[in-house]
Amino acid sequence: MFLKKKITTSTKDCSDKSGKLAEVLQDADAVMIGAGAGLSTSAGFTYSGKRFEEYFSDFSEKYGFTDMYSGGFYPFESLEEYWAYWSRYIFINRYMDCENGTYKKLLELVKDKDYFVLTTNVDHQFQKTGFDRHRLFYTQGDYGLFQCSEPCHQSTYDNEEIIREMVARQKNMKIPIELIPYCPLCKKPMTMNLRADDTFVQDEGWYRAKERYEEFLARHKGLKIVFLELGVGMNTPGIIKYPFWQMAYSNPSAYYVSINYGEAFAPTEISRRSLCIQGDIKEVLEAV
């Protein structure tokens with residue numbers, strides 16, 4: 001339904017746009033946050049460069065990949081090596097403190113509003129920062145959960161204790177064989193609860209969060225709701241971006257905001273009720 005032509009803004013008016021964002025949020029009855037990878041990148045969770053070299057130089061030297069994401073797809077020779085890599089990956093992106101204040105600033109801006117968060121991020125930063133867990137819907141999984149790789153059943157399992165032990169006890173890029181996690185039912189290897197294909201487990205918690213998300217939208221239908229999109233690219237636009245455009249278009253009282261470094265845009269059909277800010281999310285939020 002939307003035209004191909006998009007509207008964008010330049011970085012030169014970022015300060016003015018931050019002031020406009022403050023006004024939009026102040027006037028809103030509710031805020032629907034849609035968060036993508038760009039938000040966590042702005043918060044310091046980079047997957048390449050210095051951070052990758054600090055924790056994965058041995059894997060990089062052996063296999064040649066230069067970022068964490070690429071390494072996650074590597075066919076390691078053994079489960080001992082596979083879990084040595086993934087335990088570090090999960091530990092630094094889920095359990096280690098790295099956040100530079102970006103999520104905290106976002107919480108300060110919306111904590112007195114009726115808000116809800118829809119996110120494709122799997123690093124648990126919203127909950128760690130203090131966002132109400134009943135107002136969060138992690139659609140793509142959580143680094144902090146395991147599931148059966150088959151999967152033989154639709155349950156997930158907290159992994160913090162075993163991940164910390166894997167990190168502490170690994171040597172020569174391998175974990176002890178007795179730490180390899182297996183499904184308690186079918187005994188096949190466990191894997192991360194991350195949406196990569198049709199084996200992704202949507203457990204009871206996932207469905208309860210989905211229901212709360214749908215209830216939030218229904219409760220604010222026709223009201224002054226701000227669809228605040230942060231760091232959402234075009235990898236999976238059908239989860240956040242396209243639905244936000246559609247809902248903003250369908251509700252004359254709604255306002256659409258996109259903050260992204262180089263990818264902030266909106267369809268012409270909602271241009272008069274849109275605010276697109278090209279810039280670093282952390283800097284924009286600090287300026288509000």
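Are any of the residues in the stretch 242-257 at pLDDT below 95, assigned by TED's automatic domain parsing to the domain that holds A22 and of a type in the set (S, T, Y)? Within the stretch 242-257 (the criterion being at pLDDT below 95, assigned by TED's automatic domain parsing to the domain that holds A22 and of a type in the set (S, T, Y)), the answer is no, since none of the residues qualifies.
Meeting the requirement of 3 or more residues that are surrounded by fewer than 15 Cβ atoms within 10 Å (Cβ to Cβ) and touching a residue at least 60 places away in the same chain (Cβ under 8 Å), no helices (runs of 4 or more DSSP H) wholly within the stretch 63-136 can be named. For the stretch 177-195, the tally of residues that are under 21 Å from Y95 (Cβ atoms) and surrounded by fewer than 14 Cβ atoms within 10 Å (Cβ to Cβ) stands at 0. Give the residues of the stretch 99-142 that are of a type in the set (A, V, I, L, M, F, W, C) and within 21 Å of A196 (Cα to Cα), sorted by residue number. Within the stretch 99-142, L118, V122, L136, F137 qualify.
In the stretch 243-287, the residue that is farthest from the chain's Cα centre (by Cα) out of those that are surrounded by fewer than 19 Cβ atoms within 10 Å (Cβ to Cβ) and under 25 Å from G101 (Cβ atoms) is A287. Put simply, of A28, A37, A43 the only residue that is more than 16 Å from F265 (Cα to Cα), surrounded by 19 or more Cβ atoms within 10 Å (Cβ to Cβ), over 22 Å from the mean Cα position of the chain (by Cα) and at pLDDT 95 or above is A28. Just one of the listed residues (R208, R219) is among the basic types (K, R), over 30 Å from D158 (Cα atoms) and out of contact with any helix residue (DSSP H, G or I) (no Cβ under 8 Å at 6 or more places or on another chain), and it is R219. Restricting attention to the stretch 234-245, which residues are farther than 15 Å from L223 by Cα and not aliphatic (A, V, I, L, M)? Across the stretch 234-245, the qualifying residues are N235, T236, P237, G238, K241, Y242, P243, W245.
The values are calculated or read from the model by the stated rules, or taken from the named source; none is laboratory data. Nothing here was measured: the structure is a model prediction, and the numbers come from that model. Glycine also receives a Cβ, built like all others from the backbone with ideal geometry; neighbour counts cover every protein chain displayed.
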